[in-house]
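Asker: First the structure, which I've put down as structure tokens, then a few questions once you've had a look.
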Amino acid sequence: MDYIKLINCMRCGMCLPTCPTYKETFLETASPRGRVALLRKLREGDLDQSDRLLTYLSFCLDCQACATACPCGVNAGELVAEFTCERKEGKRMGFMEDMVLRKLLPHPERLETFMVPIRFYQRMGLQRLVRTLGILKMFPKPLERMEGLLPDLPEKPLRRVIKEDMQARGETRGTIGFFLGCVMSLIFSEASRATINLLTVLGYRVITPKNQVCCGAPHMLAGDKEGLKTTARKNVDIFSRPDLDFIVTDCGGCGAELKKYSHYLEDASSVLFSSKVRDISQVLAMHADELKLLLKPLLLKMTFHDSCHIAHSQGIRKEPRDLIRLVPGLTYIELENADACCGSGGTYNIEKSEMADLILHRKLDTIRATGADAVVTGNPGCLLQLKKGLMDHLPQVKIMHLTELLAKSMNT
Amino acid sequence: MNPLFIKELQTIVGEPYTLADPESLAVYGYDATPELASRPGVVLMPGTADEIARIMGLCHEAGVSVTPRGSGTNLSGGAIARNDGVLVQTSRMNRIIEVDEENLTATVEPGVITSTLHREVEARGLFYPPDPGSMNISTMGGNVAENSGGLRGLKYGVTSDYIMGLTTILADGSLLRSGGKAVKDVAGYRLNPLLVSSEGTLGFFTGITVKLIPKPQVKTTMLAHFPEMRQAALAVSAIIAARIIPATLEFLDKVTIKCVEDYAHVGLPLDVEAVLLIEVDGHPVVVAEEAAGVEVICKKYGCSFFQTAKDENEALKLATARRTALSALARLKPTTILEDATVPRSRIADMLKIIQDSAKKHNVIIGTFGHAGDGNLHPTCLTDERDKDEIIRAHKAFDEIFDAAISMGGTITGEHGVGLAKKKYLPRLIGESGIRVMQGIKHSFDPKGILNPGKIF
């Protein structure tokens with residue numbers, strides 16, 4: 001980690017009001033400014049790498065709201081993530097980490113097989129039984145959390161059933177490589193199906209390579225830099241076809257990661273790859289005029305939640321809002337603090353469930369205040385977190401991915 | 001710090017609000033002032049005024065120092081505790097107790113964020129004008145302690161102009177009520193102006209009653225580009241001389257413009273030497289007339305481009321961008337030493353020249369921005385704390401700048417306070433007798449000297 005990045009923080013505090021954990025605690029150790037200071041003191045030898053210090057740092061969601069707020073260009077979230085990654089690097093991975101990162105994620109088909117029993121568990125009505133009997137209370141808390149977050153799984157993962165090469169409807173205006181995120185494929189396959197459909201309707205040929213692998217974000221979290229590079233290299237090679245105009249994803253987290261490949265690999269092919277990556281909203285917004293003609297009225301009151309990985313990491317805010325507003329008959333209400341984290345944070349809502357719940361409730365309160373019928377967002381982590389939160393506390397409010405809303409309006 | 005003493009304090013505020021681990025203490029040792037840091041003995045986060053009174057009582061008895069802290073955005077080291085002293089963070093005391101629409105007052109706890117109060121009163125058509133650059137972070141308690149100014153100071157004044165009543169816990173834990181909701185009050189010495197700007201050395205504010213005014217009906221925000229810095233400075237003086245008092249009359253030089261634009265992307269020009277950000281507000285007819293007047297004057301003084309914000313959104317973007325100036329300057333170099341030398345506003349052009357000359361003479365980069373309309377400039381030296389020689393040169397340049405400000409009838413600090421950072425300059429400004437009187441006041445409030453010791457003098 002560059003020392004200069006640590007001393008660049010001039011401690012003005014501009015980050016404080018945007019940090020979800022500071023807002024809940026008012027603790028300097030739970031603020032971006034404090035985290036940078038902890039890292040700096042550690043580096044300068046004023047502090048030891050104690051368990052307590054690691055715990056303080058672990059409360060960072062890496063939501064990047066502080067990076068957006070920081071006028072001097074300090075990215076506290078990234079610094080903490082970098083530190084965590086470096087610390088874990090080279091250490092033996094735990095059984096679970098090894099299984100997920102080395103055995104499952106690099107091989108989508110294994111990951112899919114792994115999900116089969118869970119689908120079975122839901123289909124057979126076992127889930128209802130287990131929940132009613134409270135059996136999960138006997139298992140470790142994280143397991144209960146994980147189970148609770150899981151919505152009904154699709155019949156089959158999208159990767160299995162989607163055609164690798166989907167021709168454009170009508171005249172072809174270009175070719176898109178579709179990066180299908182693991183969670184989108186396994187859980188939110190309807191949204192990704194809508195994404196592909198929208199693109200083909202707008203005249204794009206859509207290539208969804210079946211051999212693509214995880215974007216690498218979980219590797220970064222686990223400090224597995226080698227795994228990250230291997231996975232990045234594989235995806236860069238798979239999407240290196242010169243006929244691709246864009247590489248599109250409808251997963252905010254994947255998009256943010258794919259755009260960073262050029263930093264990880266530092267070669268011409270990865271620079272080209274990252275320069276082609278677009279969030280789906282960016283491509284759809286380019287064709288707003290045509291899209292508008294295809295949309296039919298939906299009498300919905302709608303609000304929008306910015307995913308951290310889209311708003312803060314990729315700086316995309318305008319496009320999704322403009323797209324929602326295209327839908328005729330729809331009333332759009334801006335959410336207060338729309339770009340504040342929902343508490344999902346990858347696996348944060350499982351590991352730091354108490355804090356995640358506080359953050360979630362702040363988000364739910366703002367959603368409630370809009371009086372909206374539904375919330376739109378663009379990232380599967382937020383979809384999972386908010387789906388569960390809404391189901392438990394605001395069951396009348398639906399949640400959907402941006403492309404689901406547009407597809408719904410198109411097919412009404 | 002003695003663990004038994006910490007235990008006693010803990011019984012007052014509770015375990016989750018008593019921080020004494022090395023990690024917490026390390027990151028509660030700073031505020032936003034460069035080059036200064038300490039390691040407090042314990043950090044407390046009380047939730048009520050009663051808890052603060054009990055903390056003060058205990059510390060008074062034991063002779064332990066107490067430093068109040070809001071969000072830690074102070075720029076003169078005022079929120080830096082003594083090593084081994086007690087640091088009391090007020091953030092949990094963040095209730096707006098009432099907005100009294102009949103008396104046009106609001107009463108808040110010290111931890112209320114300034115802009116939260118703005119939103120609350122503006123929703124009712126009322127207005128609390130003080131708006132320090134850090135208003136989205138700073139607390140009302142901190143604003144009172146530092147007598148914070150802000151962008152609207154020119155027309156509307158500063159914090160002290162709005163403080164009507166204070167509830168203060170004194171050094172020994174006893175309670176002092178000063179002022180209230182009565183507009184006229186000449187009962188004895190006026191303590192409020194003394195307490196406002198006392199930088200935490202006279203008492204601990206637990207209740208603050210501020211004056212509210214009707215919210216201006218409309219405002220117009222303008223941006224004027226100037227090819228030369230002097231032209232901008234002369235335009236400022238000319239605007240005031242023409243009897244136009246804008247709410248905001250902000251100056252940004254080339255270095256600052258570039259840094260702010262790099263961060264905020266609001267379309268500031270990169271090819272000019274200075275811009276003025278001007279806001280006039282009030283009755284629509286007056287606003288239109290004043291805006292036209294401002295435009296004529298700017299053009300007369302060589303403004304190369306004059307822009308009026310299309311809508312509120314654009315106006316807000318410009319004002320928000322200006323608020324990031326100080327932090328944005330840190331994009332160029334890691335350490336930014338910011339000062340707020342202030343001169344009578346007719347001397348702005350001379351002051352800018354002296355700042356430029358000093359920077360050149362001592363070979364340092366100084367970016368200047370600030371509230372030109374009230375003579376309050378923020379020359380900011382961009383440096384690197386690892387370069388000891390450069391730091392020494394930066395301080396030499398500021399020595400000259402302060403001397404110049406004093407000789408022009410100005411002051412060493414317009415709104416950031418003396419704190420630790422500027423205490424060596426204070427005797428130059430107010431002389432021995434000034435220091436003696438201030439020390440006497442301090443002694444009558446806090447004979448044991450436990451409240452934020454070492455600040456001001």
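Asker: Within region B:383-441, take every residue that is of a type in the set (Val, Ile, Thr) and assigned to a helix (DSSP H, G or I) and give me the one that is nearest to residue B:357 (Cα to Cα).
Answerer: That would be B:401.
Asker: Considering each residue of region A:301-316, count those that are more than 19 Å from residue A:257 (Cβ to Cβ) and surrounded by fewer than 21 Cβ atoms within 10 Å (Cβ to Cβ), and give that number.
Answerer: 1
Asker: Within region A:52-76, which residues are within 13 Å of chain B (Cβ to nearest Cβ) and among the charged types (D, E, K, R)?
Answerer: Passing the criteria: only A:52.
Asker: Please list, ordered by residue number, the strands (runs of 3 or more DSSP E) wholly in region A:300-412 having 1 or more residues that are among the aromatic types (Phe, Trp, Tyr).
Answerer: A:301-304
Asker: Checking the condition more than 14 Å from every other protein chain (Cβ to nearest Cβ), closer than 27 Å to residue A:25 by Cβ and either part of a helix (DSSP H, G or I) or not aliphatic (A, V, I, L, M) (or both), which residue from B:161, B:131, B:185 passes?
Answerer: Going through B:161, B:131, B:185 in turn, just one is more than 14 Å from every other protein chain (Cβ to nearest Cβ), closer than 27 Å to residue A:25 by Cβ and either part of a helix (DSSP H, G or I) or not aliphatic (A, V, I, L, M) (or both): B:131.
Asker: Would region A:200-215 turn up any residue that is aromatic (Phe, Trp, Tyr) and over 21 Å from residue A:269 (Cα atoms)?
Answerer: Within region A:200-215, one or more residues are aromatic (Phe, Trp, Tyr) and over 21 Å from residue A:269 (Cα atoms).
Asker: So residue A:385 clears everything in (1) at pLDDT 95 or above; (2) buried (at least 21 other Cβ atoms within 10 Å of the Cβ) except one condition, right? Which one?
Answerer: Status for residue A:385: all satisfied but (1).
Asker: Does any residue in region B:225-239 that is farther than 12 Å from residue B:300 by Cβ and in contact (Cβ under 8 Å) with a residue 24 or more places away in the chain come within less than 7 Å, Cβ to Cβ, of a residue that is of a type in the set (Phe, Trp, Tyr) and buried (at least 20 other Cβ atoms within 10 Å of the Cβ) six or more places away or on a different chain, and which pairs are these?
Answerer: Note: pairs meeting the criteria are B:232/B:226; B:232/B:251; B:236/B:251.
Asker: When both residues are 6+ apart or on different chains and their Cβ atoms are under 6 Å apart, which pairs have a first residue that lies in region B:395-415 and is closer than 20 Å to residue B:382 by Cα, and a second that is hydroxyl-bearing (Ser, Thr, Tyr)?
Answerer: Short answer, once both residue conditions are applied: B:397/B:358; B:400/B:358; B:401/B:358; B:402/B:425; B:412/B:425.
Asker: If I go through region B:14-61 residue by residue, how many of them are among the acidic types (Asp, Glu) and within 25 Å of the chain's Cα centre (by Cα)?
Answerer: Residues meeting the conditions: 2.
Asker: Considering region B:165-215 alone, what residues qualify as being farther than 25 Å from residue B:76 by Cβ, among the acidic types (Asp, Glu) and touching a residue at least 24 places away in the same chain (Cβ under 8 Å)?
Answerer: B:172
Asker: Give, as residue ranges, the helices (runs of 4 or more DSSP H) completely inside region B:1-101 that count at least 3 residues that are surrounded by fewer than 19 Cβ atoms within 10 Å (Cβ to Cβ) and either away from chain A (no Cβ under 14 Å) or small (Gly, Ala, Ser) (or both).
Answerer: Answer list for region B:1-101: B:3-13, B:49-62.
Asker: Out of all the residues in region A:336-351, which are crowded, with 19+ Cβ neighbours inside 10 Å and among the hydroxyl-bearing types (Ser, Thr, Tyr)?
Answerer: The answer is A:344, A:348.
Asker: Can you tell me which residues in region B:344-367 are without any contact (Cβ under 8 Å) to a residue 60 or more places away in the chain and in a loop (DSSP other than H, G, I, E, B)?
Answerer: Within region B:344-367, B:362, B:363, B:364 meet the criteria.
Asker: Search region A:223-264 for residues being among the aliphatic types (A, V, I, L, M) and surrounded by fewer than 22 Cβ atoms within 10 Å (Cβ to Cβ), and hand back the single one that is nearest to residue A:282 (Cα to Cα).
Answerer: Only one residue fits best here, namely A:244.
Asker: Under the condition of being closer than 19 Å to residue B:316 by Cβ and among the basic types (Lys, Arg), which residue from region B:122-155 is surrounded by the most Cβ atoms within 10 Å (Cβ to Cβ)?
Answerer: This residue is B:152.
Asker: Scan region B:259-301 residue by residue and report those that are hydrophobic (A, V, I, L, M, F, W, C), away from every other protein chain (no Cβ under 14 Å) and either out of contact with any strand residue (DSSP E or B) (no Cβ under 7 Å at 6 or more places or on another chain) or part of a helix (DSSP H, G or I) (or both).
Answerer: B:270, B:285, B:286, B:287, B:288, B:291, B:292, B:294, B:296, B:297, B:298
Asker: Then there is this: For region A:320-330, state whether one or more residues are over 21 Å from the mean Cα position of the chain (by Cα) and under 20 Å from residue A:392 (Cα atoms).
Answerer: Looking through region A:320-330, none of the residues is over 21 Å from the mean Cα position of the chain (by Cα) and under 20 Å from residue A:392 (Cα atoms).
Let's see how each residue does on (1) over 16 Å from residue B:24 (Cα atoms); (2) more than 8 Å from chain B (Cβ to nearest Cβ):
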| site | (1), (2) |
| --- | --- |
| A:27 | no, no |
| A:36 | no, yes |
| A:42 | no, yes |
| A:50 | no, no |
| A:78 | yes, yes |
| A:92 | yes, yes |
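Asker: Based on what the data block shows, is residue B:119 surrounded by fewer than 17 Cβ atoms within 10 Å (Cβ to Cβ) and part of a helix (DSSP H, G or I)?
Answerer: yes
Asker: Given B:263, B:301, which one is surrounded by 16 or more Cβ atoms within 10 Å (Cβ to Cβ) and over 26 Å from the mean Cα position of the chain (by Cα)?
Answerer: B:301
Asker: Take the residues in region B:315-343 that are of a type in the set (A, V, I, L, M, F, W, C), under 18 Å from the mean Cα position of the chain (by Cα) and not in a strand (DSSP E or B); name whichever of them is surrounded by the fewest Cβ atoms within 10 Å (Cβ to Cβ).
Answerer: Among those residues, the one meeting the criterion is B:319.
Asker: Name, by its number, the condition in (1) touching a Leu at 6+ places or on another chain (Cβ under 8 Å); (2) in a loop (DSSP other than H, G, I, E, B); (3) within 14 Å of another protein chain (Cβ to nearest Cβ) that does not hold for residue B:136.
Answerer: (1)
Asker: Then there is this: Report the residue count in region A:12-24 for those that are within 9 Å of chain B (Cβ to nearest Cβ) and surrounded by fewer than 24 Cβ atoms within 10 Å (Cβ to Cβ).
Answerer: Total meeting the criteria: 1.
So that you can scan it fast, the table gives a plain yes or no per residue for (1) within 14 Å of chain A (Cβ to nearest Cβ); (2) more than 17 Å from residue B:371 (Cβ to Cβ); (3) surrounded by fewer than 18 Cβ atoms within 10 Å (Cβ to Cβ); (4) touching a Lys or Arg at 6+ places or on another chain (Cβ under 8 Å):
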residue: B:230; (1), (2), (3), (4): no, yes, no, yes
residue: B:242; (1), (2), (3), (4): no, yes, yes, no
residue: B:254; (1), (2), (3), (4): no, yes, yes, no
residue: B:257; (1), (2), (3), (4): yes, no, no, no
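Asker: Looking at B:341, B:328, which is the one that is more than 9 Å from chain A (Cβ to nearest Cβ) and in contact (Cβ under 8 Å) with a residue 12 or more places away in the chain?
Answerer: B:341
The values are calculated or read from the model by the stated rules, or taken from the named source; none is laboratory data. Since the model is a prediction, treat every value here as computed from it, not as a measurement. Cβ coordinates were reconstructed from backbone atoms using ideal geometry, including for glycine residues, and neighbour counts include every protein chain displayed.
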